[in-house]
Each structure stands twice: as structure tokens, then as C-alpha cells.
Amino acid sequence: MTQIENIKIKNFDKKKPSKKIKSLLNKLIREDNHIIKSLKNNYKDSWDIKKIQKYKNFSNITLVGMGGSIMGSKSIYSFLKNRIKKNFFFLDNFENNKIKEIKKKNNLNLIISKSGNTLETIVNSNVIINKKVKNIFITENNENYLRSLAIKLKSDIIDHNNFIGGRYSVLSEVGMLPAILMGLKVEKFRKFNELIKNKFFLNSIINSVSSTISLIKRNKLNSIILNYDEKSSDLFYWYQQLVAESLGKKGRGILPIISKMPQDNHSLMQLYLDGTKNNFYTFFFTKEILSEKIKNEGILKSRDYLKHKNLQNVLYNQFLATQSVFSKKKIPFRSFVVEKRDESSLGILFTYFILETILLGKVLKINPYDQPSVELIKKETKKKLISNNYF
């Protein structure tokens, strides 16, 4: 078990750190790389803080974007929602009911697209923008649709760093401007400078990558996240994109699957324990200070062991029990226990998963930064729209 600030990490196994992977990690953290720079506490954000101050009093804010442009912010909001006093709405799909609700309440739109030409973001923006609302745009500093629209609307524009792909952008302007509007502290998220001095952090990543490579060689390609924290669901949707889009190339890749616990004990656990053996697992738990208590007087004698417990007690024991069964069945897993829900813990997780994913790409000799095949769908959709297909 490794302790990194307020997070306990149990690795897959106790392998000796790979010298090759250690060397690759040391090289990565010293790269002149815009993604790595965005993780550091001296990263220079492209916004003018005085301009941003005027938006801090808005209580209803809608983020419009797709994929990595919005998933990081969404995970921050869900994970830290108890500390955020504003209402945030996330528009990252075509959802008529959600759009109707947003149009009733919204008074600030934050529209994010790296390219500025993302079809879904253009369409959703068109539907919700009106003369009564304020808009901020985050997009690359070049000629693109959304930048042209922002200029036409006389809206504030924040430059998106064009060297940082959406799924890696959570600690850049893309994730940190929304965090500021949520009332959170940017400097507490960016932990890179401290973490690379922590041998436990570095060794944990090396061990994780070494183990994952070994599992891939054994044809275990499904990475199943057993998530015991409902407020972390969006964090793992962000992680799902990070891993799938970064490593799914050249006929290779890992499929991340999010499993809601303990609900899935009663639907999928039978397969996890006795089904196909092409999976490996990540257990995730976050401790809650406040949790509903079980009413002692309502418990029958046959379940006396439930007295004086709360929901967290039951959930944590299920978390431990499931790991125990996995160990007995020799099913490969690792675990994360977050002991404090704050910006720092989330910053550590973002940094950990980003470095781990890039390093996996380098070991597998896959470019972890591009997503060439996604463009095929975009081009084909444009053709269909031009040809006026209706149903």
C-alpha cells in the first residue's frame, strides 16, 4: 500500500520497478511538452484574471463542449459538488429536455472547443445562445467557426493552448477556468512539481505501467473500474476517454469499463468472478465525512451487526470484502482510497492517470497524443448533412 498525501494506492502486484519504464518516465517528466507544462504550478494561463472576475457572481453557468473539452470540468464539479455553491449545467450531447431546462435558468455560457469547429458544440451553442445571456469562448487562436461567432457576439475569448489535446486539457485553461467559476483554487489542483519529487508516486506509476503491460501480453484488455463513489462517475468517464482515445490504435488498446458499485454486485459480479478472464480491475473508494445512519430500532435481531453503522461503513466493508474475494480467486486488481475530497486529491488523480496513460503509449510504441480515426466520422457526417438526409 502506497500513501500519496490523502490517497492510498494498492498496486496490482509487487513487481520490481522496470528500469526501462523508469527511464521512460524520467524522460517524460523532463520533456518540453505542453501537456506536462499544464500540470505544473507555474503554468501560465491565457486568461486575464481581471476579465474573469466580472463573471464570478454568476450563479447559473452552462458549459458547452464535447469529450475532453468538458469531461474534466464535469468530473471536478461532480467530485467537489458539496463545496460548490453555484449551479453548473453540462451540455455534451443532443438532449432536448436538458436544453429546455438550461434555456429557462442559464445566465452565463462557457463554450469550449479546441478546434472551434466541433459540430455538436456549434449546434448546441446555436440553440442556447440568445441576447439575454453572456458568453465566454475557449478555442484556439486561429480562424475557426466559434472564434468568428465570439467576435460577432463581442464575447470574451480565452485562447485554448493548441498543443494540448482535449483529453489532456483538464489542468489547462479548459478545466481551470470552470474551476475558478466554481469557486475552487487552481493552485491546489496542479501538484506535478511536488509529485515528481515523491518516490512513492513515481514508483506507483512505474509499477502500474509494468503490471498493465504484463496483463496486455496475457490478453487482458478490459480495464474495469469498480467505482464505490457515485461522485466519481464523471471522473471515470474522463478517464475512459483518456485511455481509449490515447491507446486505441494500430489494432491495439485497452477498453475501460465503468462499473457502479455495489449495484453491479447484483448484475455483473458473477461474470467478473467466474466469467471470461480477459479483465483487470481498479477499485475506487472515497471516504465521506457525512453519511446517513442506520436506525438501530428498525433492525431485526438477525441483523444486529448492522447496528451503529452508516451507509459508508457498509459500503467500505463491501469494498474490502470484494477485494478479499478477488485476491482468493487471483483476479488482478489495484485500488485507490481517497481519504479527503478536495482539489489536491483530484489534482493527484488527474496527474497520475495522465502520466500513466502517456507512459503506456510510449512503452507500447503508440502515439498517445493523436486520434486520427475520429476524423473519419466528422468528415462522413458533414457529407451526409450536405446531402440533406432526413428521416
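Data table
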{"read-out": "Odd one out for Lys98 among (1) surrounded by fewer than 22 Cβ atoms within 10 Å (Cβ to Cβ); (2) over 30 Å from Phe333 (Cβ atoms); (3) touching a helix residue (DSSP H, G or I) at 6+ places or on another chain (Cβ under 7 Å)", "value": "(3)"}
{"read-out": "Residue match in the range 121-133 (condition: touching a residue at least 40 places away in the same chain (Cβ under 8 Å) and more than 30 Å from Leu39 (Cβ to Cβ))", "value": "yes"}
{"read-out": "Qualifying positions in the range 79-100 - of a type in the set (Lys, Arg) and closer than 19 Å to Glu230 by Cβ", "value": "Lys81, Arg83"}
{"read-out": "Candidates Ser335, Ser324, filtered to the one that is assigned to a strand (DSSP E or B), at pLDDT 95 or above and not aliphatic (A, V, I, L, M)", "value": "Ser335"}
{"read-out": "Given (1) touching a strand residue (DSSP E or B) at 6+ places or on another chain (Cβ under 9 Å); (2) among the aliphatic types (A, V, I, L, M); (3) surrounded by fewer than 18 Cβ atoms within 10 Å (Cβ to Cβ), index of the condition Leu306 fails", "value": "(1)"}
{"read-out": "Residue list for the range 168-196, restricted to those being among the aliphatic types (A, V, I, L, M), closer than 23 Å to Phe89 by Cβ and part of a loop (DSSP other than H, G, I, E, B)", "value": "Val170, Leu171, Met182, Leu184"}
{"read-out": "Count of residues meeting criterion [basic (Lys, Arg) and not in a loop (DSSP other than H, G, I, E, B)] in the range 118-167", "value": "4"}
{"read-out": "In the range 290-311, the residues that are closer than 16 Å to Tyr228 by Cβ and part of a loop (DSSP other than H, G, I, E, B)", "value": "Ser291, Glu292, Lys309"}
{"read-out": "Residue check for Lys329: charged (D, E, K, R), in contact (Cβ under 8 Å) with a residue 40 or more places away in the chain, more than 27 Å from Asn41 (Cα to Cα) and loosely packed, with under 12 Cβ neighbours inside 10 Å", "value": "yes"}
{"read-out": "Breaking point among (1) surrounded by 12 or more Cβ atoms within 10 Å (Cβ to Cβ); (2) out of contact with any helix residue (DSSP H, G or I) (no Cβ under 7 Å at 6 or more places or on another chain); (3) of a type outside the set (S, T, N, Q); (4) within 19 Å of Gly68 (Cα to Cα), for Pro372", "value": "(1)"}
{"read-out": "Which listed residue, of Leu315, Leu346, Leu273, is more than 26 Å from the chain's Cα centre (by Cα), part of a helix (DSSP H, G or I) and in contact (Cβ under 8 Å) with a residue 12 or more places away in the chain", "value": "Leu273"}
{"read-out": "Options Ser115, Ser46: the member that is in contact with a strand residue (DSSP E or B) (Cβ under 9 Å, 6 or more places away or on another chain), surrounded by fewer than 16 Cβ atoms within 10 Å (Cβ to Cβ) and not in a helix (DSSP H, G or I)", "value": "Ser46"}
{"read-out": "Which numbered condition Ile9 misses (of (1) surrounded by 16 or more Cβ atoms within 10 Å (Cβ to Cβ); (2) in a helix (DSSP H, G or I))", "value": "(2)"}
{"read-out": "Members of the range 200-249 found to be assigned to a loop (DSSP other than H, G, I, E, B) and in contact with a Gly (Cβ under 8 Å, 6 or more places away or on another chain), listed by number", "value": "Leu221"}
{"read-out": "Qualifying residue in the range 77-93 (condition: surrounded by fewer than 17 Cβ atoms within 10 Å (Cβ to Cβ), aromatic (Phe, Trp, Tyr) and under 22 Å from the mean Cα position of the chain (by Cα))", "value": "no"}
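The values are calculated or read from the model by the stated rules, or taken from the named source; none is laboratory data. All of these numbers come straight from a predicted model, not from anything done at the bench. Reconstructed Cβ throughout: ideal geometry from the backbone, glycine too, with neighbour counts over all protein chains shown.
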